[in-house]
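To start, the structure under review is shown below, and the notes come after it.
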């Protein structure tokens, strides 16, 4: 196995192993200043699902996100799906992070691992914060943006618009659209 591939697989194993340990021993997150609210994981996802459930019943729940998130109930998702959706968000984030971060040396491996085990990332993972999902959507937009096929590249603005509809800050990604390269890097 080539060294670059070995480092990438090592990075994946180390990160997944670290996350598995923290899942089994969430009290260790306190070393990073992260506490599980009421001992529960994925509270940001749960809050969105609760707001979506309330919206479906005609109630108004305070929401700090776009109203687009209130349509989760229409997808068949409710508060009971918190763990499954939260895990899906975290696993999706990790898959994209593993595809984007490809350490080719031991120092790069350690750096990438430290990034994914940083307090900011672990807090987002602990809460299954929607920014992890937005990261995935914007990574898709980046992939579309550098695709060889012109039609596929035209989908990038649609994906960026979708991300901006979910949370406003991705609109800055639209600034990259006019500078899209013609060939994949």
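Summary of values
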| quantity | calculated |
| --- | --- |
| Enumeration of residues in segment 98-118 that are part of a helix (DSSP H, G or I), in contact (Cβ under 8 Å) with a residue 60 or more places away in the chain and within 15 Å of the chain's Cα centre (by Cα) | 98, 116 |
| Given (1) outside any loop (DSSP other than H, G, I, E, B); (2) surrounded by fewer than 17 Cβ atoms within 10 Å (Cβ to Cβ); (3) in contact (Cβ under 8 Å) with a residue 24 or more places away in the chain, index of the condition residue 17 fails | (3) |
| Segment 5-14, residues that are surrounded by 12 or more Cβ atoms within 10 Å (Cβ to Cβ) and within 14 Å of residue 116 (Cβ to Cβ) | 8, 10, 11, 12, 14 |
| Restricting segment 127-179 to residues that are surrounded by 15 or more Cβ atoms within 10 Å (Cβ to Cβ) and modelled with pLDDT under 80, the residue that is farthest from the chain's Cα centre (by Cα) | 174 |
| Output for segment 27-46, where each listed residue is surrounded by fewer than 16 Cβ atoms within 10 Å (Cβ to Cβ) and part of a helix (DSSP H, G or I) | 27, 28, 30, 31, 37, 38, 39 |
| Qualifying residue in segment 20-38 (condition: touching a residue at least 12 places away in the same chain (Cβ under 8 Å), under 17 Å from residue 131 (Cβ atoms) and out of contact with any helix residue (DSSP H, G or I) (no Cβ under 6 Å at 6 or more places or on another chain)) | no |
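The values are calculated or read from the model by the stated rules, or taken from the named source; none is laboratory data. Note that the structure is a prediction, hence the values are computed from the model and not measured. Positions of Cβ are backbone-derived with ideal geometry, glycine not excepted, and every protein chain shown enters the neighbour counts.
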